[in-house]
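Colleague: Can you read through this structure? Questions will come right after.
The values are calculated or read from the model by the stated rules, or taken from the named source; none is laboratory data. All of these numbers come straight from a predicted model, not from anything done at the bench. Heads up: the accessible areas ignore ligands, DNA and RNA and are worked out on the full protein's heavy atoms, side chains in. Shrake-Rupley method; radii C 1.70, N 1.55, O 1.52, S 1.80 Å.
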Amino acid sequence: MRAMALAVVLLAGVTTANAAPYDGSAPMKCAIDTVMICSDPTVCVRGTAATALLPAVMSVDVPQRRLGGDASGRTVKIVSVGHGAGRLILHGEEVVMSGTAWNVVIDETSGAMTGASLTQSGGFLVFGKCAGG
């Protein structure tokens, strides 16, 4: 009986220690490496975060449901959080300022990040990598 209790305690510790590092349980910083900016269905241009007027590094705080990083300190609310197939999936809407919908998907093991932002006039895709914040 004592050996069984010890095994349960050890296994619980292993499960906690092996939790995915990018599962959203702690704040992260996500660097944007590449952006594809599309102004209409036929024109997309490769650029950087600066080209798309985005912060080079986004702060992602799932527990507080906030995404930020611009120089003014402005943040946007994370509306929904999901997990599936080893990925953290975030969704948000910026209805008042620009009528924008966005999504970010982060690989919970590697921290690889992809994101999309859609507006009435076009949108962009972002690619980057997250690290603990």
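Colleague: Could you give each residue of region 75-90 its phi-based ³J(HN,Hα) in whole Hz, using Karplus coefficients 6.51, -1.76, 1.60 with θ = phi - 60°, and x for Gly or Pro?
Modeller: Result, rounded to whole Hz: 10, 10, 7, 7, 7, 9, 10, x, 9, x, 6, x, 10, 8, 10, 10.
Colleague: What ranking of 106, 89 comes out by heavy-atom accessible area, probe 1.4 Å, highest first?
Modeller: Of 106, 89, the descending order of accessible area is 89, 106.
Colleague: Per residue of region 118-126, in order, report the coupling 6.51 cos²θ - 1.76 cosθ + 1.60 (Karplus, θ = phi - 60°) as ³J(HN,Hα) in whole Hz, putting x for Gly and Pro.
Modeller: 10, 10, 5, 9, x, x, 8, 10, 10
Colleague: Let me make sure I get this right: for region 18-89, a, b and c are the square roots of the gyration tensor eigenvalues over alpha carbons, sorted descending. Under 1.5 in a/c it's rounded, otherwise prolate if a/b > b/c, else oblate. Which is it?
Modeller: Note, shape of region 18-89 comes out prolate.
Colleague: Find the relative contact order for region 25-133 and round it to a whole percent, using C-alpha pairs within less than 8 Å whose residues are 6+ positions apart.
Modeller: Once divided by the residue count of region 25-133, the mean separation gives 28 percent.
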